[in-house]
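Asker: Let me begin by handing over the structure; questions about it come next.
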Amino acid sequence: VAVVVLAAAIGLTVKLVTRGGTQHCQSSFVPAFFAPQGWSRAVSGGSVPAVLILNPASGPGTAPDPAFKAAVSQAKRAGADVIGYIGTNYAQRPLAQSEQYVRDYRNWYGVTGIFLDQTPTSGSQQIGYYRSLAREVRRATPDAAVWLNPGAYPDQSYMSVGTVVMVFEGPYESYVTSRVPGWVRQYRAARFAHTVYATPGADLASAVRLSRLRNAGYAYFTDDIGPNPYSALPSYWEREQTAVAGGCATG
């Protein structure tokens, strides 16, 4: 049943599909693109993020890093999954190199999946590249997670490739006015992730509510800005953990 929900806190009208009694729970994740020392704060406390994205050197690097290996082990002991970052340059990175990165992450860090960044935002001409990479990710572990990051809603065909698709990556001021295509309602919330940077602490609760209305099963918010808004955890990380992972939205 289609309903229209008024998100008063941000003055938006959002179209949703509800299934009576269904609980849409969220999980937090962290683009942990910072020094290994910062991982301890991410996985300490009462609530641990479901997923941390490992990125030692814009990829796995040329050899395993002992400090990152220790950080990954700590995160796994705390109950988090760790997935490895690969920038695909919109299918322009040679496939053989990307596949080798997958193997390096698996052999050096024991990751449970791969995060494929810079994936196409329109059309399906490059989908074969990503299907090949997904097969490599799952070659040793059939249920390994494949995250795609177009940073926007891609052609729907990419939902057949990614376990999770990051359909928003951008600043909060753009987030509040972004649109959700109708086909999103055909999928479980766990298939979608949102990353919202430059999110003021005063707007965190509103941002979390909006992400739930938009069917995001994974969410990450940060008040960091600049060319790399993932250089550290947000100043309100503990509060974010409670807001994102601490409840479910009925819909």
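The values are calculated or read from the model by the stated rules, or taken from the named source; none is laboratory data. None of these values were measured; they are calculated from a predicted model. With ideal geometry, Cβ positions are generated from the backbone for all residues, glycine too; neighbour counts draw on all protein chains shown. Please note that ligands, DNA and RNA were not included when accessible areas were found on the heavy atoms of the full protein model with its side chains. Shrake-Rupley method; radii C 1.70, N 1.55, O 1.52, S 1.80 Å.
Asker: In segment 133-232, carbon and sulfur make up what percent of the accessible area (probe 1.4 Å)?
Answerer: Using a 1.4 Å probe with all protein chains present, segment 133-232 comes out at 51 percent carbon and sulfur.
Asker: Let me ask something additional. Mind telling me which of ILE225, ILE83, ILE53 comes out most flexible in a GNM of the chain, alpha-carbon contacts under 10 Å?
Answerer: Checking each option, the largest mean-square fluctuation is seen for ILE225.
Asker: In addition: Going by amide H atoms built from the backbone, whose H comes under 5 Å of the H on LEU52, apart from near neighbours?
Answerer: The list, which skips near neighbours in sequence, is VAL30, ASP81, VAL82, ILE83.
Asker: Also, I was wondering about something else. Calculate how steeply helix 204-213 sits against the longest principal axis of the alpha-carbon atoms of the chain, using the helix alpha-carbon long axis, and give the answer as 0 to 90 degrees to the nearest 10.
Answerer: Taking Cα atoms only, the helix is inclined about 90 degrees.
Asker: While we're on this one: Would you grab the residues whose amide H sits under 5 Å from the one on ASP155? Only those 5+ places off in sequence or on another chain, please, with H modelled 1.01 Å from N.
Answerer: Hits under the 5 Å cutoff: SER122, GLY123.
Asker: I've got another one for you. Could you identify which residue out of ALA140, ALA207, ALA193 has the top mean-square fluctuation in a GNM of the chain using Cα springs shorter than 10 Å?
Answerer: Evaluated over the chain, the most mobile residue of the options is ALA140.
Asker: From Cα pairs below 8 angstrom and at least 6 apart in sequence, can you work out the relative contact order of segment 103-235, rounded to a whole percent?
Answerer: Contact order relative to length: 18 percent.
Asker: Given the options ALA232, ALA219, ALA57, state which has the largest fluctuation in a GNM of the chain using a 10 Å cut-off (strictly under) for Cα springs.
Answerer: Taking springs between Cα atoms under 10 Å, the residue moving most is ALA57.
Asker: Between the helical axis of 95-109 and the dominant principal axis of the chain, each derived from Cα atoms, what acute angle in degrees is found, rounded to the nearest 10?
Answerer: Orientation of helix 95-109: about 90 degrees from the principal axis.
Asker: With angles folded into 0 to 90 degrees, how steeply does helix 127-140 sit against the dominant principal axis of the chain? Use alpha carbons for both and round to 10.
Answerer: 60 degrees
Asker: Something else about it: I'd like to compare 123-132, 99-108, 24-33: which one has the highest average count of other Cβ atoms within 10 Å, and what's the full order after that?
Answerer: Highest mean packing first, the order is 24-33, 99-108, 123-132.
Asker: Sticking with this one: Find the relative contact order for the chain and round it to a whole percent, using C-alpha pairs within less than 8 Å whose residues are 6+ positions apart.
Answerer: This gives 22 percent for the chain.
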